[in-house]
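The next block holds one structure in the form of C-alpha coordinates; read it before the comments.
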Amino acid sequence: MTVLTIRRYPDPALNSRCADVTVFDAGLKALADDLHVAMTAAPGVGITAAHCGILQRVVVLDLPELGGRRDYVNPELVSVSDETMEHTEGSVSMPGMTDTLVRPRQVDIRYRTIDGVEMRETLEGFSAICMQHEIDQLDGIFWIQRLSRLKRERMLKKWGKQAR
(Lines give C-alpha, C1' and ligand atoms only; values in the text may rest on other atoms or scores of the structure.)
Protein backbone atom coordinates (compact mmCIF):
# COMPACT_ATOMS: atom_id res chain seq x y z
CA MET A 1 0.00 0.00 0.00
CA THR A 2 1.28 3.43 -0.97
CA VAL A 3 0.68 6.29 1.44
CA LEU A 4 -0.66 9.12 -0.71
CA THR A 5 -0.27 12.75 0.27
CA ILE A 6 -3.23 15.01 -0.41
CA ARG A 7 -2.14 18.13 -2.26
CA ARG A 8 -3.17 21.47 -0.77
CA TYR A 9 -4.65 24.35 -2.71
CA PRO A 10 -3.19 26.02 -4.85
CA ASP A 11 -1.21 22.98 -6.05
CA PRO A 12 -1.19 22.98 -9.90
CA ALA A 13 -2.59 19.41 -10.01
CA LEU A 14 -5.86 20.77 -8.63
CA ASN A 15 -6.34 22.93 -11.73
CA SER A 16 -5.27 20.30 -14.26
CA ARG A 17 -7.51 18.18 -16.46
CA CYS A 18 -7.06 14.47 -15.80
CA ALA A 19 -6.44 11.88 -18.52
CA ASP A 20 -8.80 8.99 -19.18
CA VAL A 21 -7.78 5.69 -17.64
CA THR A 22 -7.04 3.13 -20.36
CA VAL A 23 -5.48 0.29 -18.34
CA PHE A 24 -7.71 -1.62 -15.91
CA ASP A 25 -5.33 -3.73 -13.83
CA ALA A 26 -4.14 -4.41 -10.29
CA GLY A 27 -2.35 -1.04 -10.28
CA LEU A 28 -5.65 0.78 -10.79
CA LYS A 29 -7.29 -1.22 -7.99
CA ALA A 30 -4.32 -0.38 -5.71
CA LEU A 31 -4.67 3.32 -6.61
CA ALA A 32 -8.37 3.28 -5.68
CA ASP A 33 -7.55 1.54 -2.39
CA ASP A 34 -4.82 4.09 -1.62
CA LEU A 35 -7.17 6.96 -2.45
CA HIS A 36 -9.78 5.54 -0.09
CA VAL A 37 -7.22 5.37 2.74
CA ALA A 38 -6.11 8.98 2.11
CA MET A 39 -9.73 10.19 1.92
CA THR A 40 -10.73 8.44 5.13
CA ALA A 41 -7.71 9.86 6.98
CA ALA A 42 -8.42 13.42 5.73
CA PRO A 43 -11.38 12.91 6.61
CA GLY A 44 -13.61 13.22 3.57
CA VAL A 45 -16.41 11.50 1.66
CA GLY A 46 -14.97 11.89 -1.83
CA ILE A 47 -11.57 12.11 -3.48
CA THR A 48 -10.03 12.08 -6.94
CA ALA A 49 -6.59 10.94 -8.00
CA ALA A 50 -5.85 14.61 -8.79
CA HIS A 51 -6.16 15.44 -5.09
CA CYS A 52 -3.01 13.35 -4.67
CA GLY A 53 -1.25 14.71 -7.76
CA ILE A 54 -2.13 11.76 -10.02
CA LEU A 55 -3.78 13.10 -13.16
CA GLN A 56 -6.04 10.15 -13.94
CA ARG A 57 -9.85 10.12 -14.00
CA VAL A 58 -10.47 8.11 -10.83
CA VAL A 59 -13.05 9.01 -8.16
CA VAL A 60 -13.70 7.28 -4.85
CA LEU A 61 -16.87 8.13 -2.92
CA ASP A 62 -17.86 6.67 0.44
CA LEU A 63 -21.49 7.58 1.14
CA PRO A 64 -24.20 5.72 3.05
CA GLU A 65 -26.73 6.48 0.29
CA LEU A 66 -24.48 4.60 -2.16
CA GLY A 67 -24.07 1.67 0.22
CA GLY A 68 -20.55 2.71 1.23
CA ARG A 69 -17.45 2.89 -0.92
CA ARG A 70 -17.86 3.20 -4.67
CA ASP A 71 -15.08 3.56 -7.25
CA TYR A 72 -15.72 5.42 -10.52
CA VAL A 73 -13.29 5.41 -13.43
CA ASN A 74 -13.64 7.97 -16.25
CA PRO A 75 -16.98 9.29 -14.93
CA GLU A 76 -18.85 11.77 -17.09
CA LEU A 77 -22.14 13.59 -16.82
CA VAL A 78 -24.69 12.43 -19.38
CA SER A 79 -27.48 14.73 -18.21
CA VAL A 80 -28.43 16.93 -15.27
CA SER A 81 -31.82 17.89 -13.87
CA ASP A 82 -33.26 21.38 -14.09
CA GLU A 83 -34.12 21.15 -10.40
CA THR A 84 -31.28 22.39 -8.19
CA MET A 85 -30.30 22.26 -4.54
CA GLU A 86 -27.99 24.18 -2.25
CA HIS A 87 -25.32 22.32 -0.35
CA THR A 88 -22.23 23.16 1.66
CA GLU A 89 -19.09 22.04 -0.15
CA GLY A 90 -15.43 21.86 0.74
CA SER A 91 -12.36 19.87 -0.25
CA VAL A 92 -9.81 17.52 1.28
CA SER A 93 -7.29 19.83 -0.44
CA MET A 94 -8.56 22.87 1.48
CA PRO A 95 -9.50 21.57 4.93
CA GLY A 96 -11.67 23.79 7.08
CA MET A 97 -12.94 25.88 4.17
CA THR A 98 -16.59 25.47 3.13
CA ASP A 99 -19.26 27.47 1.38
CA THR A 100 -22.67 26.94 -0.17
CA LEU A 101 -23.05 26.13 -3.85
CA VAL A 102 -26.11 25.42 -5.99
CA ARG A 103 -25.96 22.40 -8.30
CA PRO A 104 -28.43 20.17 -10.16
CA ARG A 105 -30.28 17.83 -7.76
CA GLN A 106 -30.04 14.79 -10.07
CA VAL A 107 -27.44 13.60 -12.57
CA ASP A 108 -27.13 10.72 -14.97
CA ILE A 109 -23.55 9.52 -15.30
CA ARG A 110 -21.58 7.09 -17.39
CA TYR A 111 -18.41 5.53 -15.97
CA ARG A 112 -16.35 2.36 -15.80
CA THR A 113 -15.81 0.13 -12.82
CA ILE A 114 -12.32 -0.72 -11.56
CA ASP A 115 -12.56 -3.81 -13.77
CA GLY A 116 -13.38 -1.72 -16.86
CA VAL A 117 -17.10 -2.57 -17.11
CA GLU A 118 -19.10 0.33 -18.58
CA MET A 119 -21.97 1.47 -16.34
CA ARG A 120 -24.70 4.11 -16.22
CA GLU A 121 -26.23 5.40 -13.03
CA THR A 122 -28.62 8.07 -11.78
CA LEU A 123 -27.57 9.90 -8.62
CA GLU A 124 -29.79 12.20 -6.56
CA GLY A 125 -29.32 14.64 -3.72
CA PHE A 126 -26.04 14.55 -1.82
CA SER A 127 -24.49 11.81 -3.95
CA ALA A 128 -25.28 13.83 -7.12
CA ILE A 129 -23.65 16.91 -5.56
CA CYS A 130 -20.56 14.90 -4.61
CA MET A 131 -20.20 13.40 -8.09
CA GLN A 132 -20.51 16.80 -9.79
CA HIS A 133 -17.90 18.19 -7.39
CA GLU A 134 -15.47 15.35 -8.18
CA ILE A 135 -16.05 15.46 -11.95
CA ASP A 136 -15.30 19.20 -11.79
CA GLN A 137 -12.02 18.29 -10.07
CA LEU A 138 -11.18 15.78 -12.81
CA ASP A 139 -11.77 18.56 -15.33
CA GLY A 140 -9.39 20.91 -13.47
CA ILE A 141 -12.15 23.00 -11.89
CA PHE A 142 -11.43 23.44 -8.18
CA TRP A 143 -14.69 23.92 -6.29
CA ILE A 144 -14.00 27.53 -5.24
CA GLN A 145 -14.10 28.50 -8.93
CA ARG A 146 -17.88 27.95 -8.66
CA LEU A 147 -18.16 30.71 -6.01
CA SER A 148 -18.79 34.36 -6.79
CA ARG A 149 -15.63 36.44 -7.13
CA LEU A 150 -16.28 38.15 -3.79
CA LYS A 151 -16.86 34.88 -1.90
CA ARG A 152 -13.79 33.31 -3.54
CA GLU A 153 -11.58 36.28 -2.63
CA ARG A 154 -12.77 36.18 0.99
CA MET A 155 -12.14 32.45 1.18
CA LEU A 156 -8.66 32.75 -0.30
CA LYS A 157 -7.78 35.48 2.19
CA LYS A 158 -8.97 33.28 5.07
CA TRP A 159 -7.12 30.26 3.59
CA GLY A 160 -3.93 32.30 3.32
CA LYS A 161 -4.15 33.27 6.99
CA GLN A 162 -4.86 29.66 8.04
CA ALA A 163 -1.96 28.29 5.98
CA ARG A 164 0.60 30.55 7.71
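The values are calculated or read from the model by the stated rules, or taken from the named source; none is laboratory data. Fair warning: this is a prediction, and the values are worked out from it, not measured in the lab. Glycine gets a Cβ as well: all are built from the backbone with ideal geometry, and neighbour counts include every protein chain shown. Heads up: the accessible areas ignore ligands, DNA and RNA and are worked out on the full protein's heavy atoms, side chains in. Shrake-Rupley method; radii C 1.70, N 1.55, O 1.52, S 1.80 Å.
The table that follows gives values for the structure above.
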| item | result |
| --- | --- |
| Antiparallel content of DSSP bridges confined to the chain, in %, to 5 | 95 percent |
| Translational diffusion of region 57-127, µm² s⁻¹ [Kirkwood Rh, Cα pairs; Stokes-Einstein; 20 °C; 1.002 mPa s] | 160 µm²/s |
| Around Asp115: net Lys/Arg minus Asp/Glu count, Cβ-Cβ under 11 Å | -1 |
| For Ile47, net neighbour charge (Lys/Arg +1, Asp/Glu -1) across residues whose Cβ lies under 15 Å away | -3 |
| Euclidean distance of C-alpha centroids, region 1-48 and region 146-162, integer Å | 25 Å |
| Size of electric dipole in the chain: Cβ of Lys, Arg +1 and of Asp, Glu -1, about Cα centre, debye, nearest 20 | 980 debye |
| Along each principal axis, Cα extent of region 16-103, largest first, Å | 38, 31, 30 |
| Spin-label zone in region 1-22 - amide nitrogen under 11 Å from a point set 7 Å from the Cα of Ala163 along the C-beta vector | 8-12 |
| Whether region 104-160 is rounded, prolate or oblate, judged on the alpha carbon gyration tensor where a/c under 1.5 counts as rounded | prolate |
| Calculated log₁₀ intensity ratio I(q)/I(0) where the Debye formula runs over C-alpha points of the chain, q = 0.09, 0.10, 0.14, 0.18 Å⁻¹ | -0.28, -0.34, -0.68, -1.15 |
| Assigned charges on the beta-carbon of Lys, Arg, Asp, Glu; region 92-157 dipole about Cα centre (debye) | 480 debye |
| Region 19-164 - accessible surface per residue (Å², probe 1.4 Å) | 48 Å² |
| Listed residues Ile129, Ile114, Gly140: farthest to the positive end of the dipole of region 82-164 (Cβ charges) | Gly140 |
| Stokes-Einstein D (µm²/s) once Rh is taken as the Kirkwood radius of region 1-64 over alpha-carbon pairs, at 10 °C in 1.306 mPa s | 133 µm²/s |
| Length released on extending from Leu77 to Asp99, taking residue separation times 0.36 nm less the Cα-Cα span | 5.6 nm |
| Inter-site label distance for Ala26 and Thr5 at 7 Å from Cα along Cβ, in nm | 2.8 nm |
| Hits among aspartates and glutamates - C-alpha to C-alpha of Lys29 under 18 Å, sequence gap 8 or more where chains match | Asp20, Asp62, Asp71, Asp115, Glu118 |
| The chain, relative contact order in percent, only Cα pairs under 8 angstrom and at least six apart counted | 23 percent |
